[in-house]
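Since the structure comes first, as structure tokens, the remarks are kept for the end.
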């Protein structure tokens, strides 16, 4: 399955005094990409919640490779890694795009960069065209929002079908999930 792509530009409020994105913001970046992927497949979070289901984060793993900087344009590529009985795992990769204009990134687009002490320089052997910044895996558990104690529940069949369906280029997926609520 091709990954879903979400593009964004690093905002000033997401950075520290040195212009480097604070690590907590990467969770927001992958959440935006994940919700966009689900919406694209016809299963928005808002609709799930109206039906009485929630998908809280159960586990998140982050591996940072290089920092993102103020004003750089990033792309978050997210795909569905695994659909379990009561959970779904999303895998995301964050890249700096070609010609990104972060203040510490002054290399010519497409030119390989050597190791550098400059914050934000891509790893040796990569190019400014696509510097790999982070890999993030997020596992979400399906819960009944109406229960006092929110234990995992089985994913609704229609949600599972939307998440498991391949998304070949040009294929039409259902526009949205039915509005069926929990019993």
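The values are calculated or read from the model by the stated rules, or taken from the named source; none is laboratory data. No experiment lies behind these values; they were computed from the predicted model shown. In this analysis, Cβ positions are derived from the backbone assuming ideal geometry, glycine residues included, and neighbour counts consider all displayed protein chains.
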So how many residues does segment 116-149 have that are more than 21 Å from residue 82 (Cβ to Cβ) and either in contact with a helix residue (DSSP H, G or I) (Cβ under 6 Å, 6 or more places away or on another chain) or modelled with pLDDT of 90 or more (or both)?
9
Pairs with Cβ under 6 Å, 6+ apart, first in segment 119-145 and on the phi > 0 side of the Ramachandran plot and crowded, with 21+ Cβ neighbours inside 10 Å, second modelled with pLDDT of 95 or more and outside any strand (DSSP E or B)
120/67
Flagged in segment 68-88 as within 13 Å of residue 10 (Cβ to Cβ) and crowded, with 23+ Cβ neighbours inside 10 Å, in numbering order, are 68, 69, 72, 74, 76
From (1) touching a strand residue (DSSP E or B) at 6+ places or on another chain (Cβ under 7 Å); (2) at pLDDT below 95, pick out the condition that doesn't hold for residue 39.
(1)
Please go through segment 47-56 and pick out each residue that is surrounded by 15 or more Cβ atoms within 10 Å (Cβ to Cβ) and either in contact with a helix residue (DSSP H, G or I) (Cβ under 8 Å, 6 or more places away or on another chain) or part of a helix (DSSP H, G or I) (or both).
47, 48, 53, 54, 55
In segment 3-20, how many are in contact (Cβ under 8 Å) with a residue 60 or more places away in the chain and either in contact with a strand residue (DSSP E or B) (Cβ under 7 Å, 6 or more places away or on another chain) or exposed (fewer than 11 other Cβ atoms within 10 Å of the Cβ) (or both)?
10
Flagged in segment 21-46 as surrounded by 17 or more Cβ atoms within 10 Å (Cβ to Cβ), out of contact with any helix residue (DSSP H, G or I) (no Cβ under 8 Å at 6 or more places or on another chain) and under 25 Å from residue 70 (Cβ atoms), in numbering order, are 26, 29, 30, 31, 33, 34
The listed residue being part of a strand (DSSP E or B), closer than 28 Å to residue 159 by Cβ, touching a strand residue (DSSP E or B) at 6+ places or on another chain (Cβ under 6 Å) and free of Cβ contacts under 8 Å to residues at least 60 places away in the same chain, out of 59, 82:
82
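Restricting attention to segment 91-106, does a residue exist that is exposed (fewer than 12 other Cβ atoms within 10 Å of the Cβ), modelled with pLDDT under 95 and farther than 30 Å from residue 155 by Cβ?
Scanning segment 91-106, I find at least one residue that is exposed (fewer than 12 other Cβ atoms within 10 Å of the Cβ), modelled with pLDDT under 95 and farther than 30 Å from residue 155 by Cβ, so the answer is yes.
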